[in-house]
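S.K.: My questions all concern the structure below.
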Amino acid sequence: MPENGGTLYLVATPIGNLEDVTRRALRVLAEADVVACEDTRRTRSLLEHFGIRARTLSYHEHNERERAEELARRIEGGADVALVSDAGTPGVNDPGYRLVRACAERGLRVVPVPGPTAFVAAVTASGLPTDEFYFGGFLPARAHARREKLASVKALRATLVFYETPHRIAHALADAREVLGEREAAVARELTKLHEEVARGRLSELATRFSAEGAARGEMVLVIDRDVIEDEGAAETNASVAGLVAGFEAEGLDPRAALKRAARELGLTRDEAYRRLTSERARSKA
Ligand code: SAM
């Protein structure tokens, strides 16, 4: 390790509730020579909230490559750099990896300052087994790639955890139902914030629920059980029309075509599918 080198600190910050910041995080941020952050305005307002005056510098996915080298050189020269992301733990689906790598290659000290991270909070509150889980980051945005990704983890004997966005969650739940079979799942939304919610249920039930207008709001994590529910036959007939329709609409089909395709996939007539769609939507609003 270079004798006079500084340190890279990876500092976790809150994912919503500011009380979740650690005392150590605040001390390290106050003492660092530079705070490297994704969005300088956002991080400055966090620092101001805690009365910390610090020099900030942007480090985000678009300048990560150049900045990683530049920051590693500064650390080599003796500077202490604290890296934060917009929320949670830097490096977890956020920039960080390249800088850690650049420091490790130079033999510089890298110190994690742990704290909140959304997937850990979600999996622990999901009510699904926590002894073994697989974290897959964001599921792909495109349907084909998403289904391939889901198929690739189907046989894992682990709880599956993914980050999701409000406009894709219904689609992801419907695809998960189709590819993985009916399973217990949870959607953990707005964790640590005012509208925090952990919605638990079968994949098909959650697909229906989150396809209802306005239901899918905020930041969310999808958690899926490792086991398929035994009564698969019954589950098949109970599969959500609304979830499938939402998925097909998100792929670009108009509502009529989406309903037709959902009816075909479930072996229903269009009228039957329409009746089920209406009652599922009415139930999810109740
Ligand atoms: N670095 C962050 C961490 O440690 O969790 C993750 C950053 S990633 C770009 C943002 C995603 O994390 C969101 O789209 C959402 O899936 C999840 N997320 C972040 N904050 C959340 C919260 N308060 N509740 C639920 N999910 C959250």
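The values are calculated or read from the model by the stated rules, or taken from the named source; none is laboratory data. A quick note: this is a predicted structure, and the numbers were derived from the prediction, not measured. FYI the Cβ positions are ideal-geometry reconstructions off the backbone, even for glycines, and counts take in every protein chain you see.
S.K.: Within the stretch 112-125, is even one residue on the phi < 0 side of the Ramachandran plot, more than 14 Å from the ligand (Cβ to nearest atom) and at pLDDT 95 or above?
M.R.: Within the stretch 112-125, none of the residues are on the phi < 0 side of the Ramachandran plot, more than 14 Å from the ligand (Cβ to nearest atom) and at pLDDT 95 or above.
S.K.: Taking the stretch 88-107 on its own, how many of its residues are surrounded by fewer than 21 Cβ atoms within 10 Å (Cβ to Cβ) and in contact with a Pro (Cβ under 8 Å, 6 or more places away or on another chain)?
M.R.: The first filter runs over the stretch 88-107 and keeps only residues surrounded by fewer than 21 Cβ atoms within 10 Å (Cβ to Cβ), leaving 91-94, 97-98, 100-101, 104-107.
Now drop any that are not in contact with a Pro (Cβ under 8 Å, 6 or more places away or on another chain), which leaves 106-107.
Total satisfying the criteria: 2.
S.K.: Additional query: Does any residue in the stretch 125-138 that is buried (at least 19 other Cβ atoms within 10 Å of the Cβ) come within less than 8 Å, Cβ to Cβ, of a residue that is in a strand (DSSP E or B) and acidic (Asp, Glu) six or more places away or on a different chain, and which pairs are these?
M.R.: Qualifying pairs under 8 Å: LEU128/GLU184.
S.K.: On to the next question. For the stretch 72-82, check the following and say yes or no: at least one residue is assigned to a strand (DSSP E or B), within 16 Å of the ligand (Cβ to nearest atom) and either more than 23 Å from the chain's Cα centre (by Cα) or not assigned by TED's automatic domain parsing to the domain that holds GLU196 (or both).
M.R.: yes
S.K.: Any residue in the stretch 95-123 that's in a loop (DSSP other than H, G, I, E, B): show its pairings with residues that are at pLDDT below 95 and near the ligand (Cβ under 10 Å from one of its atoms) at Cβ separation under 9 Å, as long as the two are six or more apart or on different chains.
M.R.: Here the result reads PRO95/GLU61, each pair linking the stretch 95-123 to a residue that is at pLDDT below 95 and near the ligand (Cβ under 10 Å from one of its atoms).
S.K.: I want to confirm something. Restricting to the stretch 139-163 and keeping residues that are among the hydrophobic types (A, V, I, L, M, F, W, C) and in a loop (DSSP other than H, G, I, E, B), which single residue is surrounded by the fewest Cβ atoms within 10 Å (Cβ to Cβ)?
M.R.: Kept after step one, since they are among the hydrophobic types (A, V, I, L, M, F, W, C), are these residues of the stretch 139-163: 139, 141, 143, 145, 150-151, 153, 155-156, 158, 160-162.
The next check asks that each one be in a loop (DSSP other than H, G, I, E, B); those that pass are 139, 141, 155-156, 158.
On the way: LEU139: 23, ALA141: 13, ALA155: 8, LEU156: 13, ALA158: 15.
Checking each candidate, the answer is ALA155.
S.K.: Next up: Can you name every residue in the stretch 55-80 that is among the acidic types (Asp, Glu) and either touching a residue at least 60 places away in the same chain (Cβ under 8 Å) or buried (at least 21 other Cβ atoms within 10 Å of the Cβ) (or both)?
M.R.: GLU76, ASP80 - these are the residues of the stretch 55-80 that are among the acidic types (Asp, Glu) and either touching a residue at least 60 places away in the same chain (Cβ under 8 Å) or buried (at least 21 other Cβ atoms within 10 Å of the Cβ) (or both).
S.K.: Would you point out which residue out of LEU47, LEU18, LEU83 is more than 15 Å from VAL111 (Cα to Cα) and buried (at least 18 other Cβ atoms within 10 Å of the Cβ)?
M.R.: On inspection, the qualifying residue turns out to be LEU47.
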